[in-house]
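Rule-based calculations on the coordinates, nothing more; no lab input. Remember, it's a predicted structure, so these values are computed and weren't measured experimentally. Counting neighbours? That spans all protein chains shown, and the Cβs are built from the backbone with ideal geometry, glycine included.
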Amino acid sequence: MSDGFSVVVAGFGWWGRHMVTRLAPSNDIQVRAVIEPNTANHADIAAADVEVCTDFETALAMDNVDAVILTTPNPVHEEQVKMCAAAGKHVFCEKPLGLTRDSARRSVQACIDAGVTLGIGHERRFEPGLEALKTEIDQGSLGTIMHAEAAFSHDKLINVPAGDWRTSKAVSPAGGMTAMGIHLTDLMISYFGPVKTVQAMTADRSLGWETGDLVTVQLGFKAGMTATLSAVLHTPHFIRMHVFGTDKWIEVRNDTHPDTPGGKVSYVEAVTGHPHKEQIFEWTDAVVDNLNAFRNACLGIAPYRFSHEEMIHNIEVLEAIALSADTRETVHLGA
């Protein structure tokens with residue numbers, strides 16, 4: 001294990017455990033410790049051969065730690081980003097960066113002021129199929145972009161205990177947006193630029209969660225194209241991105257969740273008058289690819305793929321989706 005770039009993981013729930021497990025074989029990133037106040041998880045952390053910390057102060061005082069990876073509940077992200085930045089640690093924050101645009105902006109500014117790199121847990125930008133789609137869009141191969149459809153749905157969270165923060169409207173607004181849908185808005189912002197209008201609906205069909213178990217969204221972009229997306233928290237796995245242009249449409253569909261090795265990705269292109277053309281991409285560990293890109297940005301090896309403006313705007317869109325779902329009205333951004 002390399003000691004060239006060491007991190008602390010904050011939180012040892014589902015995603016914190018996944019981070020520790022996926023980074024265990026890495027020669028580039030070493031997990032030095034996990035911050036976890038719940039003593040019931042300490043034996044599992046020790047079994048992973050990493051140190052246990054019960055509080056941030058102890059971890060941030062470590063002089064051999066370069067960065068902190070936050071896999072903590074949504075409302076504490078801003079406070080923890082600021083703590084890490086003030087301690088001179090680079091910080092990688094799992095999505096969402098915040099629950100309001102102003103909160104996200106404060107987190108970004110704290111990192112700028114401290115001269116540290118801010119990473120964000122939107123690993124789907126690193127999937128080969130979606131990278132290929134972005135290349136086609138950027139090259140103009142689809143012609144004029146007309147519309148996009150996207151879905152990110154699964155049933156991985158249906159057994160979380162009653163009262164868990166993921167079920168709370170205040171902590172995880174707009175159904176599946178903070179769990180899955182926010183990945184789709186991040187991708188669309190990277191493809192099409194800023195969002196101008198938002199219309200959203202949520203509903204609870206099965207789980208009885210305060211936040212609802214599904215969300216559907218319509219987006220209008222400043223560049224003129226439109227998009228729809230959905231995130232369902234109680235259905236078999238389904239991940240799809242479909243972009244329609246005047247010259248070509250492209251659909252990318254994933255067999256498995258990004259945390260599940262082995263699935264394949266179908267990449268289908270359609271041009272009028274020609275048979276559909278399909279290629280298959282093998283599963284890659286986009287989570288680790290994102291963390292490696294973050295590491296490289298921290299070390300000055302290469303720029304990070306996400307701009308601060310994109311990070312903030314994605315939270316602005318999340319905030320607008322939650323508002324539209326509550327009011328059933330169109331929300332206008334950038335007015």
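For this structure, a couple of remarks:
- Theoretical gain in end-to-end length, Glu329 to Lys196 [0.36 nm per residue, Cα-Cα removed]: 46.5 nm
- Whole-number percent relative contact order across the chain, with pairs defined as alpha carbons under 8 Å at least 6 apart: 17
- All aspartates and glutamates inside 16 Å of Lys264 as judged from Cα atoms, apart from same-chain residues fewer than 8 positions distant: Glu127, Glu131, Glu251, Asp255, Glu278, Glu282, Asp285
- Residues of region 113-135 with amide N under 16 Å of the 7 Å Cα→Cβ point at Asp255: 128-129
- Full-extension gain in nm, Ile301 to His237, via 0.36 nm per residue minus C-alpha separation: 19.4 nm
- Converting phi to 3J(HN,Hα) with the Karplus coefficients 6.51, -1.76 and 1.60 and the offset θ = phi - 60°, region 242-257 yields 9, 10, 9, x, 5, 9, 6, 10, 10, 10, 10, 10, 9, 5, 9, 5 Hz in sequence order, with x at every glycine or proline.
- Kirkwood-based shape ratio for region 269-322, expressed as Rg/Rh from alpha carbons: 1.19
- As a size descriptor, the averaged projected area of the C-alpha convex hull of the chain was calculated at 17.0 nm².
- Nearest-20 debye value, the chain charge dipole, Cβ charges on Lys, Arg, Asp, Glu: 640
- Here is what passes the span test in the chain: the DSSP H helices with alpha carbon length of 27 Å or more along the helix axis and a Kyte-Doolittle mean of -1.0 or above are 308-327.
- For the listed residue pairs Lys95/Lys156; Lys82/Lys196; Lys222/Lys277, the alpha carbons are over 20 angstrom apart in Lys82/Lys196; Lys222/Lys277.
- Along the axis of the charge dipole computed for the chain (Cβ charges of +1 for Lys and Arg, -1 for Asp and Glu, origin at the Cα centre), the listed residues Ala162, Ala43, Val215 are led at the positive end by Val215.
- Rounded to the nearest 500, the helix-only mean residue ellipticity at 222 nm of the chain stands at -9000 deg cm²/dmol, with each DSSP H run of n ≥ 4 adding -39,500 (n - 2.57).
- When only alpha carbons of region 5-151 are considered, Rg and Dmax amount to 17.6, 56 Å.
- Annotation: extensible slack from Ser141 through His42 equals 30.5 nm (criterion: 0.36 nm per residue apart, minus Cα-Cα distance).
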